[in-house]
């Protein structure tokens, strides 16, 4: 796994040179990419959401397309359409921008519900269907969507099924004072995104994604993940808790995070680092909880504090006991 760790380190160093002072967000975004899970970034405009995606795409040598969502955007503008060719007298499929390896869906909540539904099949099943013909998405395939939490005019809330498709939800946040000073100096002459070079190739990324699946997960850690998810289903302030897709997000994300941190096994701390970003957006609070100002993030913090952390055998001890 040393080669995979070195490749991940090169990608993180490349992105961190562009996205200043956001090492935690870069690590979580890369863990989502390595886990083959899509990402939703919810924050105010101008904090580096688009820059993060472009830097990742250029660093891993993947094809990149950007979809700017507007109320008049149609599903065919995203997935493509069959167009009649007068020369051949046949219909030809013209793929849309979704047929790229890394896709930025900017301001996804500005698209109409009909258009938002066009992302459901490709995000979950890695395919699209046009005129009863199914087309497979390129590999790797990763969607990063953005939305602003402060604008409501001309927007459409994402349905639960759409939100649940996202592996994690990130908040970039404003940069620290020193980081913002460095950003001004860095962009004095040219935007640093223009100088990003490829750190690994798409084929190498696919190899690392396969290696992530080999990271050891102790049975006690797996049970810990399920207990965290089950706690969201029993909490009195939650109307609808996280689905098994939330458990899988913790599982795959913790594997990637452990690899990024230089280990071939998961610790409970890896799970804790992902719990809020992997589960908070999957929770549907009760009306009374919303009126009281309770947030899903506060509930996740409470659950993490109350669920006991299990003892950890470790891969070597577990192997000895099986013998």
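Every read-out reported here was derived from the displayed coordinates using simple, explicitly stated rules and does not represent laboratory data. For clarity, every value in this text was computed on a predicted model and none was experimentally measured. Here the Cβ positions follow ideal geometry from the backbone for every residue, glycine too, while neighbour counts run over all protein chains shown.
Would you mind putting 136-145, 233-242 in packing order, based on average other-beta-carbon counts within 10 Å, highest first?
Highest mean packing first, the order is 136-145, 233-242.
Does the range 56-99 classify as rounded, prolate or oblate by the C-alpha gyration tensor (a ≥ b ≥ c root eigenvalues; a/c under 1.5 gives rounded; else a/b over b/c gives prolate, otherwise oblate)?
oblate
How much length would be gained if the chain were fully extended between residue 84 and residue 197, taking 0.36 nm per residue of separation minus their Cα-Cα distance, in nm to one decimal?
Extra length available between residue 84 and residue 197 comes to 36.7 nm.
Please compute the modelled spin-label separation between residue 150 and residue 133, points set 7 Å along Cα→Cβ, answer in nm with one decimal.
Here the answer is 4.6 nm between the modelled labels.
Tell me the label-point distance for the pair residue 261, residue 182, using the 7 Å Cα-to-Cβ offset, in nm and rounded to one decimal.
The modelled label-to-label distance comes out at 2.2 nm.
Report the FRET efficiency, 1/(1 + (r/R0)^6), for residue 2 and residue 234, where r is their Cβ-Cβ distance and R0 is 30 Å, rounded to 0.05.
Computed FRET efficiency for residue 2 and residue 234 comes out at 0.10.
How do 2-11, 106-115, 77-86 rank on mean C-beta neighbours within 10 Å, highest first?
The peptides rank, most packed first, as 106-115, 2-11, 77-86.
With each label point set 7 Å from Cα along the Cα-Cβ vector, what nm distance links residue 68 and residue 92?
In this crude label model, residue 68 to residue 92 measures out at 2.7 nm.
Per-residue counts of other Cβ atoms within 10 Å, averaged by peptide: what ranking do you get for 270-283, 181-194, 155-168, highest first?
Those peptides, ordered most packed to least, come out 270-283, 155-168, 181-194.
Taking 0.36 nm per intervening residue step and subtracting the Cα-Cα distance, what contour gain separates residue 295 from residue 160 on full extension?
Stretched fully, the residue 295-residue 160 segment lengthens by 46.9 nm.
Using bins 10 angstrom wide from zero, how does P(r) for the range 149-234 break down, in % of all Cα pairs?
Going from the shortest bin to the longest, the percentages are 10, 18, 28, 32, 11, 0.
When averaged across all projection directions, what area in nm² does the alpha-carbon convex hull of the chain cover?
20.5 nm²
Once both axes come from the Cα atoms, what is the angle between helix 268-279 and the longest principal axis of the chain, in degrees from 0 to 90, rounded to 10?
With rounding to tens, the tilt is 40 degrees.
Under the rule a/c < 1.5 gives rounded, and otherwise a/b versus b/c splits prolate from oblate, where does the range 215-323 land using the Cα gyration tensor?
Here the range 215-323 falls in the prolate category.
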